[in-house]
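J.: Sharing a structure here in structure tokens format.
The values are calculated or read from the model by the stated rules, or taken from the named source; none is laboratory data. No experiment lies behind these values; they were computed from the predicted model shown. Glycine gets a Cβ as well: all are built from the backbone with ideal geometry, and neighbour counts include every protein chain shown.
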Amino acid sequence: MADQEVDASSGADPLLEAVIALASHLELAEVLDLIVRSACRLTGARYGALGVLGRPDDDPGDAGLAGFHHRGIDDATQAAIGHLPHGRGVLGVLITDPRPLRLPEIAEHPASVGFPDDHPAMHRFLGVPVRVRETVFGNLYLCDKADGSVFTASDEQLVIALAAAAGAAIENARLFAETHTRQRWLAAAARSSSGLAADPARGPELVAEDAREAGGGAEVWLSLPAPDGDDDQRLVGGGDQHRFLINGVAGGPSTRARLHSTVEVEADDEGQLHLVGPGEIGPGEIGSEEIVRAEPVVIGFRVRGRLTGVLIMRVDPGWSDAELDAATAFADHVALASDHARNEHNRKQLAVFTDRDRIARDLHDQVIQRIFAAGLGLQSTLRRVSDDDIRQRLTRLVDDLDATIVQIRSTIFSLQHDEADDNRHLRDDVVAIVADAARVLGFEPKLTLVGPIDTAVPAGMVEDVLATLRESLSNVVRHARAASVEVLVAVDDKARTLTIQVDDDGVGIPVNAPPGSGLRNTAARARAAGGHVSVVRRTTVGTTFGWIVPLPV
């Protein structure tokens with residue numbers, strides 16, 4: 001909307017025009033600027049300003065000025081003067097004693113402290129407080145009429161009337177801003193809730209971005225419970241202090257370094273959360289000039305009174321109570337959505353595990369028993385067959401049935417052990433696979449486990465490790481005709497590598513033999529992890545299979 005100036009030379013009452021113009025604006029910044037312009041037009045003042053009071057810590061007189069909307073001083077002069085007034089000297093008189101003040105000469109007042117260097121000389125003064133619902137919002141300051149005369153009682157009455165209308169306009173603008181703020185945060189809560197339901201794994205990232213957009217924050221950090229119930233994503237301490245793992249950030253590359261860092265918060269007597277020490281998210285750490293004065297606000301994600309995570313935003317010190325309330329409501333919505341997404345994830349996982357258990361039971365109780373019975377029937381038939389060729393064919397069939405039973409048992413084991421299972425141990429899985437191979441080989445392979453296998457191997461690599469070990473032992477069973485097998489699974493913590501090595505004393509891999517599908521699969525798994533595979537025919541007897549991949553640092 002175009003600015004509506006007040007023209008004192010027009011036929012209409014200038015004060016009435018000013019009031020109408022104020023009523024037509026809803027943006028608070030526009031209203032404040034229009035108040036200053038209208039006051040200057042009504043009185044003929046060359047300089048005008050509206051100082052917005054800050055929030056007092058103890059004594060209202062210590063509030064000072066948190067904002068200063070001025071007119072009459074150009075940008076170049078303002079840059080030369082430096083910082084805007086804080087509310088000292090004559091300006092501070094209205095802060096401590098909010099009553100109209102009219103002076104023929106500023107320098108003669110006892111509270112006058114002079115002007116900064118490069119500041120224009122000012123003499124005449126008129127100051128009037130601006131109240132919003134009986135609370136002083138700020139003060140309207142006017143200096144030096146264009147004709148050089150002093151401010152009159154009539155000027156004072158005009159400005160007092162304008163200040164009264166300004167209070168109503170400021171209240172309307174505030175209500176409009178609060179409504180707009182709530183709408184922004186409600187829309188962000190709806191987006192975050194939908195995002196958590198659609199993609200729980202990316203939930204923290206989505207929520208952080210929505211919070212940044214809603215609050216206009218330059219940087220956002222948050223910690224939300226992982227959807228799969230992994231408690232490593234939420235580290236909670238005892239008492240009133242809580243330690244959280246940051247798993248969602250937004251606001252630029254500088255925040256990415258803080259992903260998965262920890263932050264500790266504590267609750268004060270009123271239940272408000274605060275950072276315990278500045279940590280990596282303290283104020284004044286970021287180099288950007290726009291946010292160097294920003295301070296972190298900590299809001300808790302709570303479900304049924306239980307603190308489940310934190311939202312930390314670096315915001316401007318001028319954040320209103322309405323903004324803080326809207327952000328807190330956003331956190332409450334997100335906490336419920338996160339809890340629902342987690343429960344839904346657990347429900348689906350339980351359904352999957354239940355179905356897997358049923359399939360595993362069916363395979364074990366029906367399929368394996370039938371194959372085993374068929375194998376026993378073939379073995380009993382062997383005793384009645386005299387033809388050597390038929391006996392060899394039947395023997396191969398029995399061996400194939402045994403190998404099939406081993407594969408089905410491995411499948412059953414995989415069905416009953418999922419990556420998301422917190423109680424799963426890689427060491428136990430390796431022992432079980434080797435035990436399955438022993439039943440088919442007819443002897444027990446020698447197994448050596450070295451290093452922190454359970455803790456050093458990441459969850460995303462476990463399935464590749466088990467599949468590789470299973471395939472290498474399957475090759476020994478099918479082709480090696482070995483009398484002994486040695487299996488090594490080792491983690492080198494210094495070199496950060498994982499090694500799987502299988503040695504057999506069998507017939508050895510044929511020279512120049514093309515790799516089968518199983519070997520190609522293990523090689524592909526190694527390449528995907530940044531490692532390599534080697535299959536070497538030993539000089540005496542047998543084959544050495546090696547699978548070496550790097551581990552995350």
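Conditions tested, residue by residue: (1) modelled with pLDDT of 85 or more; (2) more than 30 Å from Val303 (Cβ to Cβ); (3) crowded, with 19+ Cβ neighbours inside 10 Å; (4) in contact with a strand residue (DSSP E or B) (Cβ under 8 Å, 6 or more places away or on another chain).
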site	(1), (2), (3), (4)
Gly148	yes, yes, no, no
Thr181	no, no, yes, no
Arg191	yes, no, no, no
Pro225	no, no, yes, yes
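J.: Could you say which residue among Val457, Val489, Val462, Val541 is touching a residue at least 12 places away in the same chain (Cβ under 8 Å) and farther than 15 Å from Asp428 by Cα?
T.: The match here is Val541.
J.: List pairs: first residue in segment 123-145 and on the phi < 0 side of the Ramachandran plot and assigned by TED's automatic domain parsing to the domain that holds Ala29, second residue among the polar types (S, T, N, Q) and not in a strand (DSSP E or B) anywhere in the structure, Cβ distance under 6 angstrom, at least six positions apart or on different chains.
T.: Leu142/Thr43
J.: Specify the residue that is surrounded by the fewest Cβ atoms within 10 Å (Cβ to Cβ); the eligible residues are those in segment 502-519 that are modelled with pLDDT of 70 or more and β-branched (Val, Ile, Thr).
T.: Ranking the qualifying residues of segment 502-519, first place goes to Val507.
J.: Looking only at segment 75-99, how many residues end up being more than 16 Å from His119 (Cβ to Cβ) and either assigned to a helix (DSSP H, G or I) or not assigned by TED's automatic domain parsing to the domain that holds Val113 (or both)? Steps first, answer last, please.
T.: Just the residues of segment 75-99 that are more than 16 Å from His119 (Cβ to Cβ), to begin with: 92-99.
Retained after the next criterion (residues that are either assigned to a helix (DSSP H, G or I) or not assigned by TED's automatic domain parsing to the domain that holds Val113 (or both)): 92-96.
The number of residues fulfilling the criteria is 5.
J.: Have a look at Asp365, Asp332 and point out the one that is part of a helix (DSSP H, G or I) and surrounded by 14 or more Cβ atoms within 10 Å (Cβ to Cβ). Walk me through how you get there before you give the answer.
T.: Values: Asp365 fails: surrounded by 14 or more Cβ atoms within 10 Å (Cβ to Cβ).
After applying the criteria, what remains is Asp332.
J.: Give the residue, chosen from Phe137, Phe115, that is among the hydrophobic types (A, V, I, L, M, F, W, C) and farther than 28 Å from Arg174 by Cα. Outline the logic, then answer.
T.: Details: Phe137 fails: farther than 28 Å from Arg174 by Cα.
Just a single option satisfies the conditions, and that option is Phe115.
J.: Here's another thing I want to ask about it. I'd like to know if segment 442-453 contains one or more residues that are surrounded by 15 or more Cβ atoms within 10 Å (Cβ to Cβ) and over 45 Å from the mean Cα position of the chain (by Cα).
T.: Within segment 442-453 (the criterion being surrounded by 15 or more Cβ atoms within 10 Å (Cβ to Cβ) and over 45 Å from the mean Cα position of the chain (by Cα)), the answer is yes, since at least one residue qualifies.
Okay, residues lined up against (1) modelled with pLDDT of 85 or more; (2) among the hydrophobic types (A, V, I, L, M, F, W, C); (3) over 26 Å from the mean Cα position of the chain (by Cα); (4) crowded, with 22+ Cβ neighbours inside 10 Å:
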position	(1), (2), (3), (4)
Asp118	no, no, yes, no
Thr135	no, no, yes, no
Leu175	no, yes, yes, no
Ala188	yes, yes, no, yes
Ser194	yes, no, no, no
Leu222	yes, yes, no, yes
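J.: For segment 100-107, state whether one or more residues are in contact with a Leu (Cβ under 9 Å, 6 or more places away or on another chain), modelled with pLDDT under 85 and not β-branched (Val, Ile, Thr).
T.: no
J.: Being out of contact with any strand residue (DSSP E or B) (no Cβ under 7 Å at 6 or more places or on another chain) and not charged (D, E, K, R) is the filter here; which residues of segment 114-143 pass it?
T.: Gly114, Phe115, Pro116, His119, Pro120, Ala121, Val132, Thr135
Matching residues to (1) surrounded by 14 or more Cβ atoms within 10 Å (Cβ to Cβ); (2) among the acidic types (Asp, Glu); (3) modelled with pLDDT under 85:
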residue: Pro283; (1), (2), (3): yes, no, yes
residue: Ile299; (1), (2), (3): yes, no, no
residue: Arg304; (1), (2), (3): no, no, yes
residue: Arg314; (1), (2), (3): yes, no, yes
residue: Asp321; (1), (2), (3): no, yes, yes
residue: Leu336; (1), (2), (3): yes, no, no
residue: Arg342; (1), (2), (3): yes, no, yes
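J.: Please give the number of the condition Ala169 fails out of (1) in a helix (DSSP H, G or I); (2) more than 19 Å from Leu34 (Cβ to Cβ).
T.: (2)
J.: Moving on to the next point. Of all residues being touching a strand residue (DSSP E or B) at 6+ places or on another chain (Cβ under 8 Å) and buried (at least 16 other Cβ atoms within 10 Å of the Cβ) in segment 74-99, which is modelled with the highest pLDDT? Just the residue, please.
T.: Here the answer is Pro98.
Listed here are the residues, each with its yes/no results for (1) aliphatic (A, V, I, L, M); (2) assigned to a strand (DSSP E or B).
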position	(1), (2)
Ala467	yes, no
Arg470	no, no
His479	no, no
Lys494	no, no
Thr499	no, yes
Val507	yes, no
Ala526	yes, no
Val536	yes, yes
Thr539	no, no
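J.: Moving to a separate point now. Mind checking which residues of segment 31-66 are modelled with pLDDT of 80 or more and surrounded by fewer than 17 Cβ atoms within 10 Å (Cβ to Cβ)?
T.: Gly44
J.: Then there's this: Taking the stated definitions as given, is Thr381 surrounded by 15 or more Cβ atoms within 10 Å (Cβ to Cβ), in a helix (DSSP H, G or I) and hydroxyl-bearing (Ser, Thr, Tyr)?
T.: Criteria not met by Thr381.
J.: Next question, about the same structure. Take segment 150-159 and flag every residue that is of a type outside the set (Asp, Glu) and surrounded by 14 or more Cβ atoms within 10 Å (Cβ to Cβ).
T.: Val150, Phe151, Leu158, Val159
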